[in-house]
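Throughout, read-outs are computed from the coordinates displayed, never taken from laboratory work. What you are looking at is a predicted structure, and each value in this text was computed from that prediction instead of being measured. Cβ sites come from the backbone with ideal geometry, for glycine too, and all protein chains shown count toward neighbours.
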Amino acid sequence: MKHRLSFGYFTLLTENIVEVIIDEGIELSLEMIEECDVFLKAHIFGNFGMLINRVNEYSYSDETRLCLGFYEGLKAIAFVYYSANSQVIVEEINLLQVYEQWNSCIFSGLDLERQQAFQWLQGELLMANDQAANIG
């Protein structure tokens with residue numbers, strides 16, 4: 001199910017995987033990240049993954065770069081890029097978050113890897129849920 005936010009589309013691919021497509025030319029702000037958080041809390045319950053589909057070119061404010069991916073229940077992020085510029089941005093974001101040990105993987109949309117990104121997320125969520133079941 002596709003949902004329109006003020007800065008892009010959020011599509012629930014499964015009950016626990018959301019695809020995010022940000023509009024062309026947007027600079028993501030902290031307010032937009034908050035809007036994203038409200039959406040996620042309203043539509044996803046438990047562990048989930050995000051497929052960030054960078055089909056459009058957009059940027060992040062400096063503050064936003066530091067707080068990306070800090071959502072309750074987020075277990076994995078798959079980035080799909082379609083340009084060299086998007087690849088650089090995604091790699092920079094991954095470097096900024098290296099100490100947070102977030103679970104992410106980068107895929108090339110040019111090599112038709114969107115489906116691989118989706119399958120990777122499914123696998124990561126299965127592992128996260130299995131680990132939670134073994135702990136509980």
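The figures follow:
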| read-out | value |
| --- | --- |
| Per-residue HN-Hα couplings for region 110-122 [Karplus 6.51, -1.76, 1.60; θ = phi - 60°; Hz; x = Gly/Pro] | 5, 9, 6, 9, 4, 5, 5, 4, 4, 5, 4, 4, 4 |
| Karplus-derived HN-Hα couplings along region 38-47 (A = 6.51, B = -1.76, C = 1.60, θ = phi - 60°), whole Hz, x at Gly and Pro | 4, 4, 4, 5, 7, 10, 10, 10, x, 5 |
| Degrees separating the helix 84-96 axis from the principal Cα axis of the chain, which is the longest one | 50 degrees |
| DSSP-defined beta bridges in region 2-135 - what % are antiparallel, rounded to 5 | 35 percent |
| Estimated 222 nm signal from helices in the chain, with DSSP H stretches of n ≥ 4 weighted -39500 (n - 2.57), rounded to 500 | -13000 deg cm²/dmol |
| In nm, spacing of pseudo-spin labels at residue 30 and residue 62 (7 Å Cα→C-beta vector) | 1.3 nm |
| Lys, Arg +1 and Asp, Glu -1 on Cβ, resulting dipole of the chain about Cα centre, debye, nearest 20 | 400 debye |
| Viscosity 0.692 mPa s, temperature 37 °C, Stokes-Einstein D of region 2-135 from Kirkwood C-alpha radius, µm²/s | 219 µm²/s |
| Net charge contributed by nearby residues that have their C-beta within less than 13 Å of residue 1 (K/R +1, D/E -1) | 0 |
| Residue order, fewest to most surrounding Cβ atoms within 10 angstrom, among 65, 114 | 65, 114 |
